[in-house]
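Peer 1: One structure coming up, written as structure tokens, with questions to follow.
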Amino acid sequence: MKQSVVIISISLQGNQLAREIKQHFPEADCFTLAKWKAAGFRPIEGKLSQFCQQLFHNYDSLIFIMATGIVVRSIAPWIQDKSSDPAVVVLDDAGKHAISLLSGHLGGANELTTRIGRLIEANPVITTASDVNQLPSVDMLARHAGLVIASMENAKLVTACFVNRQAVELCDAGNWLGVLELPACQGEPHARIIVSNRSIIPADLPAVQLIPPNIYLGIGCKKNSSPEQLWAFINQQMEQLQLDKRSITAVCSIDIKSSERAILEAAKKLNCKTKFYEASTLKTVEHLFEGSDFVKKITGVTSVSSTAAYLAGGKNGNFLVQKAKQTGMTLSVFETKPYQCKEK
């Protein structure tokens, strides 16, 4: 599991600055060269460039106290994608400058750089065009609202419209982005931001889709159900509803199904959480849904998929499918903050 922050320094003066920064990040790990072994520091293992592979794998935010060139050469082999790379911030060992080097938006390096600048009175160096010009960026809007960016290429296209002062239209009927005022620009929109969990969106303008994680799947199934059949069932329902699978935030069921391979494999493929409820908890809402005496004999509750999805969604939303049935399986689809977007 990734930890939050790691501080890496390679000089005695850098180590002193690392100690100062760690006071504000008490859970952070600190590394330095083996020859500077000191309390609170662990040794850098082998060459820094190879050690960075471990850092990229184990931490969300990397704070380097050393020359920028050293950091660039050391992290270069491990950079993959802005949606998954950790935040990388570089400081000189005198603490005069803090530089946001990598994953400024999605990784949070810009925010971390600004915070460190305030804490140690360093000059924050941020070069992303949207930040420099105090303009919004799609990846930051998505990050703050907990939305999934459907296409990073489209996100860059729309952010470029902001930077170039071209009008962008916002379609957010569910108000996921809150009260958001886009930069005022003259002329017709050049692009659109669409907040939607649907698999089909208007295509008359270049658009970036931001997907809200607002779909809860309730699942009931017989013991040792086929993972392939359950996965096909889920896909069938999602296609019929024209829902993007990236909007599924949790797969839910009763606790006696917590080790059911079909459910666990589906959650893994969907890259989402699982939520399992005790029968006594499901009973509190079972009267709201169609029930089955057969299911009650096995589970102790008359309904599993509907009750689990309803509870997982905080009882606040609507069923797109209250209960779909297939041999030995039931599926419920619960949506919070339903989305509506009309064709332009």
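Peer 1: Could you list, in sequence order, the residues of the range 95-147 that are among the small types (Gly, Ala, Ser) and either within 20 Å of Tyr59 (Cβ to Cβ) or in a loop (DSSP other than H, G, I, E, B) (or both)? So that I can check it myself, show each step before the final result.
Peer 2: To start, the set of residues in the range 95-147 that are among the small types (Gly, Ala, Ser) comprises 95, 98, 100, 103-104, 107-109, 117, 122, 129-130, 137, 142, 145-146.
Across the range 95-147, the qualifying residues are Gly95, Ala98, Ser100, Ser103, Gly104, Gly107, Gly108, Ala109, Ala122, Ser137, Gly146.
Peer 1: Considering only residues that are aliphatic (A, V, I, L, M) and part of a strand (DSSP E or B), look in the range 237-250 and name the one that is farthest from Val301 (Cα to Cα). Show your work before the answer.
Peer 2: Applying the first criterion (aliphatic (A, V, I, L, M)) to the range 237-250 yields 238, 241, 243, 248, 250.
Those still in the list that are part of a strand (DSSP E or B) too: 243, 248, 250.
Working: Leu243: 29, Ile248: 25, Ala250: 21 Å.
Among those residues, the one meeting the criterion is Leu243.
Peer 1: Can you name every residue in the range 148-168 that is open to solvent by 30 Å² or more (accessible area, probe 1.4 Å), touching a residue at least 12 places away in the same chain (Cβ under 8 Å), within 24 Å of Asn214 (Cα to Cα) and part of a helix (DSSP H, G or I)?
Peer 2: Within the range 148-168, Met152, Asn154 meet the criteria.
Peer 1: Separate question: Please verify whether the range 190-208 includes one or more residues that are more than 23 Å from Gln242 (Cα to Cα) and open to solvent by 40 Å² or more (accessible area, probe 1.4 Å).
Peer 2: Yes: one or more hits.
Peer 1: Ok, one more. Just checking, how many residues over the range 1-46 are surrounded by fewer than 19 Cβ atoms within 10 Å (Cβ to Cβ) and of a type in the set (S, T, N, Q)?
Peer 2: Here the count works out to 6.
Peer 1: Please find, within the range 49-62, the residue that is surrounded by the most Cβ atoms within 10 Å (Cβ to Cβ) out of those that are hydroxyl-bearing (Ser, Thr, Tyr) and part of a strand (DSSP E or B).
Peer 2: So, considering only residues that are hydroxyl-bearing (Ser, Thr, Tyr) and part of a strand (DSSP E or B), the one surrounded by the most Cβ atoms within 10 Å (Cβ to Cβ) is Ser61.
Peer 1: Among the residues of the range 122-147 satisfying the criterion of being out of contact with any helix residue (DSSP H, G or I) (no Cβ under 8 Å at 6 or more places or on another chain), farther than 18 Å from Ser84 by Cβ and in contact (Cβ under 8 Å) with a residue 12 or more places away in the chain, which is surrounded by the most Cβ atoms within 10 Å (Cβ to Cβ)? Give the derivation first.
Peer 2: Residues of the range 122-147 out of contact with any helix residue (DSSP H, G or I) (no Cβ under 8 Å at 6 or more places or on another chain): 127, 132, 134, 141, 143-146.
In the following step, the residues that additionally are farther than 18 Å from Ser84 by Cβ were identified as 127, 132, 134, 141, 144-145.
If we keep only those that are in contact (Cβ under 8 Å) with a residue 12 or more places away in the chain too, we end up with 127, 141, 145.
On the way: Thr127: 11, Leu141: 26, Ala145: 16.
Among those that are out of contact with any helix residue (DSSP H, G or I) (no Cβ under 8 Å at 6 or more places or on another chain), farther than 18 Å from Ser84 by Cβ and in contact (Cβ under 8 Å) with a residue 12 or more places away in the chain, it is Leu141.
Peer 1: Within the bounds of the range 294-309, is there any residue that is part of a helix (DSSP H, G or I), closer than 21 Å to Leu230 by Cα, touching a residue at least 60 places away in the same chain (Cβ under 8 Å) and open to solvent by 30 Å² or more (accessible area, probe 1.4 Å)?
Peer 2: yes
Peer 1: Then there's this: Looking at the range 63-81, can you tell me whether even one residue there is under 18 Å from the mean Cα position of the chain (by Cα), modelled with pLDDT of 95 or more and either under 22 Å from Gln13 (Cα atoms) or open to solvent by less than 70 Å² (accessible area, probe 1.4 Å) (or both)?
Peer 2: First, pick out the residues of the range 63-81 that are under 18 Å from the mean Cα position of the chain (by Cα): 80-81.
Filter once more, so that each one left must be modelled with pLDDT of 95 or more: none.
No, the range 63-81 contains no residue that is under 18 Å from the mean Cα position of the chain (by Cα), modelled with pLDDT of 95 or more and either under 22 Å from Gln13 (Cα atoms) or open to solvent by less than 70 Å² (accessible area, probe 1.4 Å) (or both).
Peer 1: For the condition in contact with a helix residue (DSSP H, G or I) (Cβ under 8 Å, 6 or more places away or on another chain), of a type in the set (A, V, I, L, M, F, W, C) and more than 27 Å from Ala155 (Cβ to Cβ), what is the one hit in Phe25, Phe41, Phe56?
Peer 2: Numbers: Phe25 fails: in contact with a helix residue (DSSP H, G or I) (Cβ under 8 Å, 6 or more places away or on another chain); Phe56 fails: more than 27 Å from Ala155 (Cβ to Cβ).
Testing whether each residue is in contact with a helix residue (DSSP H, G or I) (Cβ under 8 Å, 6 or more places away or on another chain), of a type in the set (A, V, I, L, M, F, W, C) and more than 27 Å from Ala155 (Cβ to Cβ) leaves just Phe41.
Peer 1: Going residue by residue through the range 251-262, is there one that turns out to be at pLDDT 95 or above, hydroxyl-bearing (Ser, Thr, Tyr) and assigned to a strand (DSSP E or B)?
Peer 2: yes
Peer 1: Where in the range 188-231 are there strands (runs of 3 or more DSSP E), lying wholly inside it, with at least 2 residues that are under 24 Å from Thr302 (Cα atoms) and touching a helix residue (DSSP H, G or I) at 6+ places or on another chain (Cβ under 6 Å)?
Peer 2: Working: elements: 191-195, 207-211, 215-221.
Those strands (runs of 3 or more DSSP E) span 215-221.
Peer 1: Another one. Assess whether Leu170 counts as being more than 28 Å from Lys269 (Cβ to Cβ), modelled with pLDDT of 90 or more and not hydroxyl-bearing (Ser, Thr, Tyr).
Peer 2: On the way: more than 28 Å from Lys269 (Cβ to Cβ): yes; modelled with pLDDT of 90 or more: yes; not hydroxyl-bearing (Ser, Thr, Tyr): yes.
In short, yes.
Peer 1: Among the residues of the range 38-51, are any within 19 Å of Ala98 (Cα to Cα), in contact with a strand residue (DSSP E or B) (Cβ under 9 Å, 6 or more places away or on another chain) and not hydrophobic (A, V, I, L, M, F, W, C)?
Peer 2: Of all residues in the range 38-51, those within 19 Å of Ala98 (Cα to Cα) come to none.
No, the range 38-51 contains no residue that is within 19 Å of Ala98 (Cα to Cα), in contact with a strand residue (DSSP E or B) (Cβ under 9 Å, 6 or more places away or on another chain) and not hydrophobic (A, V, I, L, M, F, W, C).
Peer 1: As an exercise: evaluate Glu20 against (1) under 19 Å from Leu91 (Cβ atoms); (2) touching a Phe, Trp or Tyr at 6+ places or on another chain (Cβ under 6 Å) and give the number of the one condition it does not meet.
Peer 2: So Glu20 meets the others, but not (2).
Peer 1: Would you check which residues across the range 181-222 are free of Cβ contacts under 8 Å to residues at least 40 places away in the same chain and within 30 Å of Ile263 (Cβ to Cβ) and list them?
Peer 2: Selection gives nothing.
The values are calculated or read from the model by the stated rules, or taken from the named source; none is laboratory data. The shown structure was predicted, so the numbers you read here are calculated from the model rather than taken from an experiment. Because the Cβ atoms are built from the backbone with ideal geometry, glycine has one as well, and the counts that use them run over all protein chains shown. Areas reflect the complete protein model, heavy atoms only, side chains present, ligands, DNA and RNA absent. Shrake-Rupley method; radii C 1.70, N 1.55, O 1.52, S 1.80 Å.
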